[in-house]
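Chemist: One structure, pasted below without further comment.
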Amino acid sequence: MLTWIILAVIVVVVLWVVAIFNGLVVLKNRAKEAWADIDVQLKRRYDLIPNLVETVKGYAAHEKELFEKVTQARASAMNAQGVQGKAQAENMLSGALKSLFAVSEAYPDLKASVNFLELQRELTDTEDKIQASRRFYNTNVRDLNIKIESFPDSMLANMFGFTKMDLFEIAASEKEPVKVQF
């Protein structure tokens, strides 16, 4: 009888460890998936930027320094590694894009261009999707981090090598999508 009780306790403990481990794996994979969603939207954004720059160049050819700044910011963002590095590079890119749109204000023909308006719409849509992806990522990372820090899960998380992930945080001024006003 005592053997069955000990065996039952062992089975319950093993099932409990398996459930915690599997829960941590699910949360970690959701966070990775959410990061991949951010990457997809950022790639879309990076693909739109050269078209936007070329469209504006046609109207504002003397703004060479600004175009170089946008191009450099795009390259930095594409090459950034890690969550924090990517967040900083994205902040710089957003600032450069805001400057580009500010310059467009001085060119009425550009503001009326069908290509420019379509690119602006696409970029706004992409910015909205990036925001949603960031929220989704941060929610999943938050859930994983809570589980990793909560007792008794924290003991098993440490034992199995699960570590906290960084949130995708951006500067307060960058929390709004790129706004273009005509």
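Chemist: Hey, among the residues in the range 82-111 that are buried (at least 18 other Cβ atoms within 10 Å of the Cβ) and hydroxyl-bearing (Ser, Thr, Tyr), which one's nearest to Leu48 (Cα to Cα)?
Modeler: Out of the qualifying residues, it is Ser94.
Chemist: Then there is this: If I filter the range 69-91 for residues that are at pLDDT 85 or above and within 18 Å of Arg121 (Cβ to Cβ), do I get at least one hit?
Modeler: Looking for residues that are at pLDDT 85 or above and within 18 Å of Arg121 (Cβ to Cβ), one finds none in the range 69-91, hence no.
Chemist: Same structure again: Collect the residues in the range 107-129 that are in contact with a Pro (Cβ under 7 Å, 6 or more places away or on another chain) and in contact (Cβ under 8 Å) with a residue 60 or more places away in the chain, keeping them in residue-number order.
Modeler: Taking the range 107-129 as the starting set, the residues that turn out to be in contact with a Pro (Cβ under 7 Å, 6 or more places away or on another chain) are 124, 127-128.
Glu127, the sole residue that qualifies.
Chemist: State yes or no: is Asp109 in a helix (DSSP H, G or I), more than 23 Å from Ala89 (Cα to Cα), at pLDDT 80 or above and of a type outside the set (S, T, N, Q)? Even if it seems obvious, please write down each step before you answer.
Modeler: Details: in a helix (DSSP H, G or I): yes; more than 23 Å from Ala89 (Cα to Cα): yes; at pLDDT 80 or above: no; of a type outside the set (S, T, N, Q): yes.
Answer is no for this residue.
Chemist: Return yes when Asn145 is polar (S, T, N, Q), more than 15 Å from the chain's Cα centre (by Cα), assigned to a helix (DSSP H, G or I) and modelled with pLDDT of 90 or more and no when it is not. Let's see the steps before the verdict.
Modeler: Values: polar (S, T, N, Q): yes; more than 15 Å from the chain's Cα centre (by Cα): yes; assigned to a helix (DSSP H, G or I): yes; modelled with pLDDT of 90 or more: yes.
Answer is yes for this residue.
Chemist: In the range 1-106, which helices (runs of 4 or more DSSP H) lie fully inside it and hold 1 or more residues that are free of Cβ contacts under 8 Å to residues at least 40 places away in the same chain and of a type in the set (Asp, Glu)? Step through it out loud before you land on a result.
Modeler: Values: elements: 2-59, 64-79, 82-104.
Answer list for the range 1-106: 2-59, 64-79.
Chemist: Sticking with this one: Since Lys43 meets every condition but one in (1) of a type outside the set (A, V, I, L, M); (2) under 17 Å from Ser133 (Cα atoms); (3) at pLDDT below 80, which condition does it not meet?
Modeler: (3) is the only condition that Lys43 fails.
Chemist: Would you point out the residue of the range 112-144, among those that are of a type in the set (Lys, Arg) and buried (at least 17 other Cβ atoms within 10 Å of the Cβ), that is nearest to Arg44 (Cα to Cα)? Step through it out loud before you land on a result.
Modeler: The initial filter retains those residues of the range 112-144 that are of a type in the set (Lys, Arg), namely 121, 129, 134-135, 142.
Narrowing further to those that are buried (at least 17 other Cβ atoms within 10 Å of the Cβ): 129, 134.
Values: Lys129: 10, Arg134: 15 Å.
The residue in question is Lys129.
Chemist: I've got another one for you. Could you go through the range 118-136 and let me know if any residue there is farther than 21 Å from Lys57 by Cβ, β-branched (Val, Ile, Thr) and modelled with pLDDT of 85 or more. I'd like the intermediate steps shown before the answer.
Modeler: Going through the range 118-136, the residues farther than 21 Å from Lys57 by Cβ turn out to be 125, 127-136.
Now restrict to residues that are β-branched (Val, Ile, Thr): 130.
Still in the list and also modelled with pLDDT of 85 or more: 130.
Yes.
The values are calculated or read from the model by the stated rules, or taken from the named source; none is laboratory data. Note that the coordinates shown come from a computational prediction; the quantities given were computed from them, not determined experimentally. Glycine gets a Cβ as well: all are built from the backbone with ideal geometry, and neighbour counts include every protein chain shown.
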